[in-house]
Every structure is written in C-alpha cells, then in structure tokens.
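What follows is a short report on a single structure.
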Amino acid sequence: MKKIALITGVTGQDGAYLSQFLLGKGYEVHGLLRRSASADVIDARLKWLGIQDKIHLHDGNLTDLSGLIRVIKEVQPAEIYNLAAQSFVKSSWQQPLLTGQVTGIGAANMLEATRIVAPEARFYQASSSEMYGLIQEPVQSETTPFYPRSPYAAAKLYAHWMTVNYRESFGLHASSGILFNHESPLRGIEFVTRKITDGVARIKLGLAETLSLGNLDAQRDWGHARDYVQAMWLMLQQDEADDYVIATGRTTAVRDFCRMAFEHVGLNLEDHVRVDERFLRPAEVDILLGNPGKAKDKLGWSPETSLEALVSEMVEADLRRLSHHEHL
Ligand code: NAP
Ligand code: F7E
C-alpha cells in the first residue's frame, strides 16, 4: 500500500519540490489547488519538474473549512503538509487582512479539519524565520523569542502557536518547521533572489540594461528549497512531533548575492543596479541567521547546496528560460 500525502500549496515552490521528493519515496501525492482563471499556467512548476500528471489535484481553498474537511475525508492522508500561504512579505502590508485569513486562519482551518476527520494524520506547518523579525539573539534557534515585523510574520506566528496548541491540546502529531529563506529556479519572480537572477539573465542577453532593487543591506540565511523539503518529511517521520529551525548557518547581504549573480555572467553589479525606494518596506527585517543544530542532531539533516551553487543554478536556469521563451 502506498503512503498517502496531502500538500496544500502544491503549485508553489516548496509544494513542487516536496511532491517530487515524496513521489521518489513511493508516496501517492495529493494536492490542494485553488481555482484560477489561468488554469493553463497554474501548474507550471509541477510541469517544470515533469511531475504534473503524477499528482492528484483537488479543488479547495485554505479559507474554506468545509472544503478542506471534504478533501481530507476523501484523501485520508497519512501525512499533511500545510504549505499554502500568502507568502510575499511586501504584499502583506497591502493585503494585511487577506494575509491573516490565508496565512493565519487558513492554517487553523487545516488543523481543525485534520482534528475532525484525520486526527491520526501527521501534520506539518510551514513556519518562518520572519517570525524572529527584529532579532532578539544574534543567531536564532528554537528557543529565541519571536518579534514579528510584518502582517505576514504576525499571521505566521498565530499559525505557529496554533500548531503547538493543537499538539498540546489534542495530541495531534503536528510539527512546525521554522524555515529560513530557501530559493531555487522555481522561486516566485517577486522574491529578491529570483528577481536578481532573472534580471542578471535579461541584462546578459541584452533584454534589459538595469535592475531596480530596494534595501541592498538586508541579510538573509539562504538555502536551497530542494534540501529544505527533505527536512519537512524528516520531521513527520519522528515518533514525537516537535519544532525545528531549518537554516544553513550562513548569512549574506542582498548586495553580495547580487554581486555573485552578476559575476557569474562576467558583469559588474555597479554598472546595472539601481536602488528604487518603491521596493523598500515599511518595517525591515535587517538580518537573519539560523542555527540548524537541533535538526542536525535529531533529524540527521544538513543543507547540501552551497550558496555559490544555488546562485549559479538559478542564473543558468533563467538564462535558459529566457533563451527558450519558457514560462515561469
Ligand atoms: P509560494 O511559492 O508562494 O507558494 C504558496 C502556495 O500557496 C501556492 O501554491 C499558492 O497557490 C498557495 N495558496 C495561496 N493562497 C491560497 C489559498 N487561499 N488557498 C489555497 N492555496 C493557496 O511559497 P513557497 O516559497 O513554496 O513557501 C511554502 C510555504 O512555506 C509558505 O507557507 C511560506 O509562507 C512558507 N515559507 C517559505 C519560505 C521560503 O523561503 N520559501 C521560508 C519559510 C516559510 P497559487 O499557485 O494558486 O498561487
Ligand atoms: O526579501 C530585500 C527585502 O522578498 C528578502 C518569503 O519566502 O522568506 C521570504 O521573505 C530581502 C528583504 O524575502 C528587494 O527588503 C531588496 O530584506 O526575497 P524577499 P523575505 O521577505 O525574506 C521568508 C523566510 C518567508 O517566510 C517568506 O514567505 O531582500 N530586498 N530589494 C528586496 N526584496 C524583494 N522582494 N524585492 C526587491 O527588489
């Protein structure tokens, strides 16, 4: 009998890589798909990985509890990965209530639906390093106090504590992965790393001359999404549910990520990058740096991809994509 997994956010970056990983492990993979008028492009990431025909898709939305109950009842998953969210921090100031509804209450809906129809299922919640916000310790671990700095982070914090609460109140096997930034060629184009690698590729191919960015001094602990989805799965294989920081332990400024991407194609960032205050945020998370020690000790997980390899994989993918007019 194949093990059954249900993934919300299956069309996103992590959903796509996690699907690929679980298929490789012999799982039957089901995904929640929100209805879109652009049905032809909605599964672009799954197509990019060549797995779109292997996933069972179910109509549903994180804000619709009855639909979630129906899907979980139908699928009867052994493992549930709640990856769906309004995940773009900058947009969360423009759409704070929607972000609260989807990223915060949506997670509570998933926990509630799980408790009602599949209380034996193992549950993963996609928590975020953004919850540390205005950092209270120079290196953040599972015991570092949180200080959210955006509506997104506040919503994630609610979802995080609800996950802990459902574990403690109802005995749900619910784990929360506090994942630091992770990127890949499948990253959404609005996030800074992909915006940079796409911009670099456009400039290299003569399709653009400049790249406009916001705060170049912000620092992030960047890893590869392909490595990070393995940690999600490992959390659900443990006897006891728990919370884990997933990070690389190395932090890099946006400016330096950008420099590496330009250097990869033999160009200088100073010749092309412009600072545009439209890309600044009302409140910034200046620096994040995670300690993945607990994940290493308890899950046997460590990141495999270096930042250098990540940057070159992303730039090369964007060069290829733009040269072949591929969508994504
Ligand atoms: P992503 O690419 O933005 O994917 C988000 C997914 O959520 C998409 O499949 C999206 O569907 C879906 N979604 C949005 N609103 C929904 C709704 N109302 N109902 C159902 N589905 C909905 O995000 P990601 O980078 O893969 O991240 C996965 C999760 O980890 C998110 O919860 C994110 O907040 C969290 N996280 C990410 C990082 C990171 O660095 N990537 C770090 C920490 C935590 P559409 O395709 O229809 O838009
Ligand atoms: O910004 C700065 C920006 O949008 C990173 C999400 O996956 O990771 C992600 O959130 C930094 C910020 O990611 C631009 O100000 C400069 O300091 O790539 P980002 P994020 O906000 O860190 C966390 C862990 C999540 O959970 C989220 O879901 O880069 N920055 N210039 C810029 N950022 C963007 N987007 N665009 C710029 O032009």
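Rule-based calculations on the coordinates, nothing more; no lab input. In this text the structure is predicted, and so the values were computed from the model without any measurement. FYI the Cβ positions are ideal-geometry reconstructions off the backbone, even for glycines, and counts take in every protein chain you see.
So here's what we get for this one:
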{"quantity": "Ala283 vs. criteria without any contact (Cβ under 8 Å) to a residue 40 or more places away in the chain and closer than 23 Å to Ser91 by Cα", "calculated": "no"}
{"quantity": "Residue satisfying all of: in the range 237-268; aliphatic (A, V, I, L, M) and under 30 Å from Ala5 (Cα atoms); surrounded by the most Cβ atoms within 10 Å (Cβ to Cβ) among these", "calculated": "Ala247"}
{"quantity": "Glu284 being in a helix (DSSP H, G or I) and surrounded by fewer than 21 Cβ atoms within 10 Å (Cβ to Cβ)", "calculated": "no"}
{"quantity": "Identity of the residue in the range 177-188, among the hydrophobic types (A, V, I, L, M, F, W, C) and touching a Leu at 6+ places or on another chain (Cβ under 8 Å), that ends up nearest to ligand 2 (Cβ to nearest atom)", "calculated": "Phe180"}
{"quantity": "In the range 109-132, the residues that are of a type outside the set (Phe, Trp, Tyr) and more than 13 Å from ligand 1 (Cβ to nearest atom)", "calculated": "Leu111, Glu112, Thr114, Arg115, Ile116, Val117, Ala118, Pro119, Glu120, Ala121, Arg122"}
{"quantity": "Of all residues in the range 234-256 being part of a helix (DSSP H, G or I) and touching a strand residue (DSSP E or B) at 6+ places or on another chain (Cβ under 8 Å), the one that is farthest from Trp301 (Cα to Cα)", "calculated": "Val254"}
{"quantity": "Residues located in the range 195-221, provided they are near ligand 2 (Cβ under 8 Å from one of its atoms) and under 17 Å from the mean Cα position of the chain (by Cα)", "calculated": "Lys195, Arg220"}
{"quantity": "Some residue of the range 145-167 being away from ligand 2 (no atom under 16 Å from the Cβ) and either farther than 25 Å from Leu234 by Cβ or part of a strand (DSSP E or B) (or both)", "calculated": "yes"}
{"quantity": "Residues of the range 70-100 that turn out to be assigned to a helix (DSSP H, G or I) and either aromatic (Phe, Trp, Tyr) or near ligand 1 (Cβ under 8 Å from one of its atoms) (or both), as a count", "calculated": "1"}
{"quantity": "Answer residue from the range 1-57, given it is away from ligand 2 (no atom under 16 Å from the Cβ), part of a strand (DSSP E or B) and of a type outside the set (A, V, I, L, M) and is farthest from Ile189 (Cα to Cα) among those", "calculated": "Glu28"}
{"quantity": "Test result for Ile178, within 13 Å of ligand 1 (Cβ to nearest atom) and touching a Lys or Arg at 6+ places or on another chain (Cβ under 7 Å)", "calculated": "no"}
{"quantity": "Some residue of the range 123-140 being assigned to a loop (DSSP other than H, G, I, E, B) and free of Cβ contacts under 8 Å to residues at least 40 places away in the same chain", "calculated": "yes"}
{"quantity": "Residue selected from the range 190-211 under the condition touching a residue at least 60 places away in the same chain (Cβ under 8 Å) and outside any helix (DSSP H, G or I), by the criterion nearest to ligand 1 (Cβ to nearest atom)", "calculated": "Phe191"}
